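See structure below.
None of the figures in this text is laboratory data; all of them are computed from the coordinates on show. Model, not experiment: these values are computed from the prediction. Cβ sites come from the backbone with ideal geometry, for glycine too, and all protein chains shown count toward neighbours.
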Amino acid sequence: MKRIIRVFPARTHATPDDDLVRINAIPSLFDEADEVHISVAFTWHLKWAEWAAKQWACVAPVKVGGPALNEPGGDFIPGMYLKKGYVITSRGCPNRCWFCAVPKREGGQLRELPVTDGWIVSDDNLLAFSPRHLDEVFSIFSLYTFNLAAERESVDLGGGVSITKKKTHTPKCAWNRESAAHRFHQRLHDAHALAGANRAADGAGALSGKCFKYIVLKRFTLAGSVVRHG
């Protein structure tokens with residue numbers, strides 16, 4: 001397996017935190033790698049990335065990439081450029097919102113990727129998924145449910161002194177049917193089924209993306225939804 005150092009201009013909540021990650025840094029005497037990847041999320045860091053690429057060239061061949069370069073994204077590798085727990089299961093969006101760079105970068109199409117492990121879904125447009133892909137994405141939540149209540153544990157420091165700290169929340173292999181993910185998933189299916197039944201009763205064809213999106217944006221109020229045709 002290649003040893004790849006990933007360099008980021010700044011740290012965010014999603015930045016990986018393993019031993020091969022460097023934040024706004026130049027190489028040290030002890031840095032060794034087969035490749036160096038500089039990941040740039042924001043355009044205002046591009047000049048720094050160009051400078052950093054020259055600094056890291058003495059360690060290994062350097063590649064500069066990321067959303068700031070407006071290049072299409074490839075397959076998602078968990079933990080590579082986003083912290084473990086984050087997952088991307090598709091690239092692109094079929095919409096043409098004037099303020100969004102995604103359609104221009106990804107060619108105006110949605111590409112569904114293999115679903116990998118993670119519980120923070122960071123796709124461009126969740127509502128554009130096919131029903132099959134949507135089922136597959138939400139199935140990963142069956143492995144990750146969290147107890148959001150703050151659990152605490154007492155740590156004895158000796159000499160009659162102890163402190164209380166929060167326990168680290170770790171994923172549990174259980175499916176919480178009251179979870180927000182489950183409710184959202186069920187309502188998506190209910191909305192899709194309701195709209196499809198109404199269109200079938202009227203002799204219409206398959207449910208259009210516009211019709212489905214309208215129902216979703218009405219906050220899943222199924223009883224009061226008016227299914228628009230066209």
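Consider Ala60 against the criteria (1) assigned to a loop (DSSP other than H, G, I, E, B); (2) exposed (fewer than 15 other Cβ atoms within 10 Å of the Cβ); (3) over 19 Å from the mean Cα position of the chain (by Cα): it satisfies all of them except one. Which criterion is unmet?
Unmet for Ala60, out of (1) assigned to a loop (DSSP other than H, G, I, E, B); (2) exposed (fewer than 15 other Cβ atoms within 10 Å of the Cβ); (3) over 19 Å from the mean Cα position of the chain (by Cα): (2).
Here is a yes/no grid of residues against (1) within 22 Å of His133 (Cβ to Cβ); (2) not hydroxyl-bearing (Ser, Thr, Tyr):
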{"position": "Trp48", "(1), (2)": "no, yes"}
{"position": "Gln55", "(1), (2)": "no, yes"}
{"position": "Gly66", "(1), (2)": "no, yes"}
{"position": "Glu71", "(1), (2)": "no, yes"}
{"position": "Phe76", "(1), (2)": "yes, yes"}
{"position": "Met80", "(1), (2)": "yes, yes"}
{"position": "Thr89", "(1), (2)": "yes, no"}
{"position": "Pro94", "(1), (2)": "yes, yes"}
{"position": "Cys100", "(1), (2)": "yes, yes"}
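Looking only at the range 70-83, count every residue that is surrounded by 13 or more Cβ atoms within 10 Å (Cβ to Cβ) and either closer than 14 Å to Asp124 by Cβ or of a type outside the set (Lys, Arg) (or both) and tell me the total. Show your work before the answer.
Let us first name the residues in the range 70-83 that are surrounded by 13 or more Cβ atoms within 10 Å (Cβ to Cβ), namely 73, 76, 78-83.
If we keep only those that are either closer than 14 Å to Asp124 by Cβ or of a type outside the set (Lys, Arg) (or both) as well, we get 73, 76, 78-82.
Number satisfying all stated conditions: 7.
Could you please find all residues in the range 2-27 being free of Cβ contacts under 8 Å to residues at least 60 places away in the same chain, farther than 16 Å from Pro61 by Cα and not in a strand (DSSP E or B)?
Matches in the range 2-27: Pro9, Ala10, Arg11, Thr12, Asp19, Asn24, Ala25.
To keep it simple, each residue is scored yes or no on (1) part of a helix (DSSP H, G or I); (2) on the phi > 0 side of the Ramachandran plot; (3) in contact with a strand residue (DSSP E or B) (Cβ under 9 Å, 6 or more places away or on another chain).
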site: Gly74; (1), (2), (3): no, no, yes
site: Pro78; (1), (2), (3): no, no, yes
site: Leu82; (1), (2), (3): no, no, yes
site: Asn95; (1), (2), (3): no, no, no
site: Pro103; (1), (2), (3): yes, no, no
site: Pro114; (1), (2), (3): no, no, no
site: Asp123; (1), (2), (3): no, no, yes
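Can you name the residue in the range 28-46 that is assigned to a loop (DSSP other than H, G, I, E, B) and of a type in the set (A, V, I, L, M) and is also nearest to Gly85 (Cα to Cα) among such residues?
Pass one, the range 28-46, residues assigned to a loop (DSSP other than H, G, I, E, B): 28-34, 40-42.
Filter again for of a type in the set (A, V, I, L, M), leaving 29, 33, 40-41.
Values: Leu29: 32, Ala33: 25, Val40: 20, Ala41: 18 Å.
Going through the qualifying residues, I end up with Ala41.
Is there any pair with a first residue in the range 93-112 that is more than 11 Å from Asp124 (Cα to Cα) and in contact (Cβ under 8 Å) with a residue 24 or more places away in the chain and a second that is surrounded by 13 or more Cβ atoms within 10 Å (Cβ to Cβ) and of a type outside the set (Ser, Thr, Tyr) whose Cβ atoms are under 7 Å apart and which are 6 or more apart or on different chains, and what are they?
So the pair list comes out as Gly107/Gly92.
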